[in-house]
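Asker: The structure that follows is given in the form of structure tokens.
The values are calculated or read from the model by the stated rules, or taken from the named source; none is laboratory data. Keep in mind that what you see is a predicted model, and the values were worked out from it rather than measured. A quick note on method: Cβ atoms are made from the backbone with ideal geometry, for glycine too, and the neighbour counts reach across all protein chains shown.
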Amino acid sequence: MRNDLELDAIIEDYLLGKLNAQEVDAFEKLRLNDATVDHKVVSHKFFLASMDEFAEQLRLKEQLNHIHSEIDVESLAATLRPHPSRVVQLWRKHKSAIAVAASFVVLSLVSIYSIQHSTQQAERYRQLSNRVNNAIKTQNSLIRNIKHNNATSDKPNNQNSFGGTGFAISTNGYILTNLHIINGADSLYVQNSKGESFKVKSVYTDPQNDIAILKISDKHFNNLSSIPYTIKRNTSNIGEMVYTLGYPKDDAVLGEGYVSSKNGFVGDTTQYQVAISVNPGNSGGPVLDNNGNLVGIISGKPDQTEGAAFAIKSKYILEAMRAIPQDSLGVNKLTANKKSLLSGLKRTKQIEKIQDYVFMIKAY
Amino acid sequence: MNNGLKSSVPTDREVILGILNNSEDTLNKLYKAYYAMVLQFILNNNGDEDDAKDVYQEGIIVLYNKIKAGNFELSSKLKTYIYSVCRRIWLKKLSLNSKKTGSITDYEDVFAVEEDLEHHEEKDASFEKMQSALDHLGEPCKTIIQDFYIHNLSMQDICEKFGYTNTDNAKTQKYKCLQRLKKIFFQP
């Protein structure tokens, strides 16, 4: 034990260069002859290096702590901390972007305002019923009309008709859609994804919420199997991913996006704004979330904004369903209580399941 | 305060030369120059002042060691380097605490510093090892070792401080402590 300590002392003095030449010679000889001594020297050298580094880092840390104590952290933090109000926070982050955006907003507001005032539009937004062969349409829509006419030139009875989308709310043929699609129509038909048409009659209309319920009155109609989607009772949050299936043309078209605002046009609380680009014909289409819950019904879009649409909130679907005799809907109706059959499925599978329940509405 | 900090920002060359020459003043200026930047980043990304202090000091140590090692090439602004390093350290801490790292609010440009940080982590591990070995040592050994190796006190000073009758006794005590420390330190 005693010898060990002495050896350690000599090794350290040797490594720190405190031995005189004679002692160094003697020690190096010992080191050559004795492997254990040599091993001890190497490990002590490594240890000293580690210790040196440790000491240096420690001193550095102390120094940094000292400097840190000179900084007035609190007042600095107070100015830099995320401001409690999100507005200020956003402002700080995106000053320049906001400035540019604001000028655009002001510009577009001015133009919307002037347009509204010059034309005294009665309608608040563009309804998305597919109005075929309407002479008073803008140039954009006109192009679509020509295409549409080419595609359906072999269907003469398509003249002067409105088209839209609707979806089943019970298995025995009740279909919900927008009132503005069928308003003033003489006869109504729905067409399913297989191309079969059925005659329907309107059984309930709600002008306030722009909702209509139709009933298939065709003998050839076979009852559907159970409704795959359910109604979402709560309101959806901004950012929730949603999609819609509709008939802006003769085949079903999927539109995907997210809930972009909790209110519709100029703060209409009965509607959401969704970021889905929709076209005439999408009206009445169901808006579903990823779990297959019915979030709303596509009903219109802002005139000046591309890629946005308005959707009537799902609770008004429930209200409309309550307004018709409950027995008539049968047992297998759309409810809010069940688990959606679509939940957990991939989008392609979901579409496969719901496409039999989404109809094209044709109003003549 | 803020303006005072900004006005004393040293140039990147000054910082490197200063650190190589062990200038305390440079370190002081460097530290104060970029602290606000990192504080802002941490505060706006789920952290508080203490997190900012830890991360920033770690970042400064990475830079300091890199400059000291002599292989620091100024390929970007020092500010960007410090920001990138601190950002990387903070992201790692966030993910370790499984806090959300979804959207990070950035205030500066960022470039890859993975290699430097790996190097730093190795160094940090050996630092931690020595620290925990010292903590396990117990008193008075810990203080004797610290006084001798870290605060560079002479055996004479230590002898007086601890009231040993002569330096030989103190030395014996020191080597006994050292033996135990090495045993702990080299434990796998």
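Asker: Is there a residue in the range B:110-117 that is away from every other protein chain (no Cβ under 14 Å), within 17 Å of the chain's Cα centre (by Cα), part of a helix (DSSP H, G or I) and not charged (D, E, K, R)?
Answerer: Taking every residue of the range B:110-117 in turn, at least one turns out to be away from every other protein chain (no Cβ under 14 Å), within 17 Å of the chain's Cα centre (by Cα), part of a helix (DSSP H, G or I) and not charged (D, E, K, R).
Asker: Could you look through the range B:48-69, keep only residues that are facing chain A (nearest Cβ under 10 Å) and under 17 Å from B:ARG13 (Cα atoms), and pick out the one that is surrounded by the fewest Cβ atoms within 10 Å (Cβ to Cβ)? Talk me through it step by step, then tell me what you get.
Answerer: Step one: filter the range B:48-69 for residues facing chain A (nearest Cβ under 10 Å), giving B:48-50, B:52-53, B:56-58, B:60-61, B:64-65, B:68.
Now narrow it down to the ones that are under 17 Å from B:ARG13 (Cα atoms): B:60, B:64-65, B:68.
On the way: B:ILE60: 26, B:TYR64: 21, B:ASN65: 20, B:LYS68: 14.
The qualifying residue surrounded by the fewest Cβ atoms within 10 Å (Cβ to Cβ) is B:LYS68.
Asker: Which of the residues that make up the range B:32-47 are of a type in the set (Gly, Ala, Ser) and either facing chain A (nearest Cβ under 8 Å) or not in a helix (DSSP H, G or I) (or both)?
Answerer: Our first condition is that a residue be of a type in the set (Gly, Ala, Ser); within the range B:32-47, this holds for B:33, B:36, B:47.
Result: B:ALA36, B:GLY47.
Asker: Then there is this: Pick out the one residue from A:SER261, A:SER283 that is over 28 Å from A:ASN172 (Cα atoms) and modelled with pLDDT under 90.
Answerer: Details: A:SER283 fails: over 28 Å from A:ASN172 (Cα atoms).
That would be A:SER261, the only listed residue that is over 28 Å from A:ASN172 (Cα atoms) and modelled with pLDDT under 90.
Asker: Condition test on B:LYS129, is it closer than 30 Å to B:TYR35 by Cβ and within 11 Å of chain A (Cβ to nearest Cβ)? Walk me through how you get there before you give the answer.
Answerer: On the way: closer than 30 Å to B:TYR35 by Cβ: yes; within 11 Å of chain A (Cβ to nearest Cβ): yes.
Criteria met by B:LYS129.
Asker: All but one of (1) more than 7 Å from chain B (Cβ to nearest Cβ); (2) aromatic (Phe, Trp, Tyr); (3) farther than 16 Å from A:ILE11 by Cα hold for A:PHE46, so report the exception by its number.
Answerer: (3)
Asker: Let me ask another. Those residues that are over 19 Å from B:LEU153 (Cβ atoms) and hydrophobic (A, V, I, L, M, F, W, C), I need them from the range A:48-61; list them, please.
Answerer: Selection gives A:ALA49, A:LEU60.
Asker: Here are the criteria: (1) within 13 Å of another protein chain (Cβ to nearest Cβ); (2) without any contact (Cβ under 8 Å) to a residue 24 or more places away in the chain; (3) more than 23 Å from the chain's Cα centre (by Cα). Tell me which single one B:ASN166 does not satisfy.
Answerer: Failed condition: (1).
Asker: If you don't mind, there's one more thing I want to ask. Every residue in the range A:229-249 that is out of contact with any Ser or Thr (no Cβ under 7 Å at 6 or more places or on another chain) and under 20 Å from A:LYS194 (Cα atoms), please.
Answerer: Selection gives A:THR244, A:LEU245, A:PRO248, A:LYS249.
Asker: Considering A:THR79, A:THR36, which residue is within 49 Å of the chain's Cα centre (by Cα) and more than 30 Å from B:ASN21 (Cα to Cα)? Spell out the reasoning first.
Answerer: Values: A:THR36 fails: within 49 Å of the chain's Cα centre (by Cα).
Of A:THR79, A:THR36, the one residue that is within 49 Å of the chain's Cα centre (by Cα) and more than 30 Å from B:ASN21 (Cα to Cα) is A:THR79.
Asker: To continue, here is another question. Enumerate the strands (runs of 3 or more DSSP E) found wholly within the range A:247-310, keeping only those where 3 or more residues are in contact (Cβ under 8 Å) with a residue 60 or more places away in the chain, within 16 Å of the chain's Cα centre (by Cα) and closer than 23 Å to A:THR335 by Cα. Can you show your working first?
Answerer: Numbers: elements: A:253-261, A:271-274, A:286-289, A:293-301.
Counting at least 3 such residues, we get A:293-301.
Asker: Within the range A:14-29, track down each residue that is within 27 Å of B:GLN187 (Cα to Cα) and either surrounded by 15 or more Cβ atoms within 10 Å (Cβ to Cβ) or away from every other protein chain (no Cβ under 12 Å) (or both). Don't jump to the end; show me each part of the working.
Answerer: Of the range A:14-29, the ones within 27 Å of B:GLN187 (Cα to Cα) are A:14-16.
Of everything in the range A:14-29, those that are within 27 Å of B:GLN187 (Cα to Cα) and either surrounded by 15 or more Cβ atoms within 10 Å (Cβ to Cβ) or away from every other protein chain (no Cβ under 12 Å) (or both) turn out to be A:TYR14, A:LEU15.
Asker: Quick one: in the range A:55-76, of everything that is more than 8 Å from chain B (Cβ to nearest Cβ) and either surrounded by 16 or more Cβ atoms within 10 Å (Cβ to Cβ) or not hydroxyl-bearing (Ser, Thr, Tyr) (or both), which residue is farthest from the chain's Cα centre (by Cα)?
Answerer: Out of the qualifying residues, it is A:GLU56.
Asker: In the range B:48-59, which residues are aliphatic (A, V, I, L, M) and either in contact with a Phe, Trp or Tyr (Cβ under 6 Å, 6 or more places away or on another chain) or free of Cβ contacts under 8 Å to residues at least 12 places away in the same chain (or both)? Before the answer, list the steps.
Answerer: Within the range B:48-59, the subset aliphatic (A, V, I, L, M) is B:52, B:55.
Scanning the range B:48-59 gives a single hit, B:VAL55.
Asker: Residue check: is A:GLY330 under 16 Å from the mean Cα position of the chain (by Cα) and at positive phi? I'd like the intermediate steps shown before the answer.
Answerer: Details: under 16 Å from the mean Cα position of the chain (by Cα): no; at positive phi: yes.
Here the answer is no, as A:GLY330 does not meet what is asked.
Asker: Okay, moving on. Taking the range B:12-31 as the search range and keeping residues that are charged (D, E, K, R) and within 11 Å of another protein chain (Cβ to nearest Cβ), which one is surrounded by the most Cβ atoms within 10 Å (Cβ to Cβ)? Steps first, please.
Answerer: In the first step, residues of the range B:12-31 are kept if they are charged (D, E, K, R); the result is B:12-14, B:24-25, B:29.
Filter once more, so that each one left must be within 11 Å of another protein chain (Cβ to nearest Cβ): B:24-25, B:29.
Values: B:GLU24: 11, B:ASP25: 10, B:LYS29: 18.
Once the filter is applied, the top-ranked residue is B:LYS29.
Asker: Quick one: in the range A:311-326, of everything that is in contact with a strand residue (DSSP E or B) (Cβ under 8 Å, 6 or more places away or on another chain) and in a loop (DSSP other than H, G, I, E, B), which residue is nearest to A:ASN237 (Cα to Cα)?
Answerer: In this case the residue turns out to be A:SER314.
Asker: Further, regarding this structure: With respect to A:GLY184, is the statement that it is small (Gly, Ala, Ser) and within 21 Å of A:ASP251 (Cα to Cα) true?
Answerer: Working: small (Gly, Ala, Ser): yes; within 21 Å of A:ASP251 (Cα to Cα): no.
When the stated conditions are applied, A:GLY184 does not pass them.
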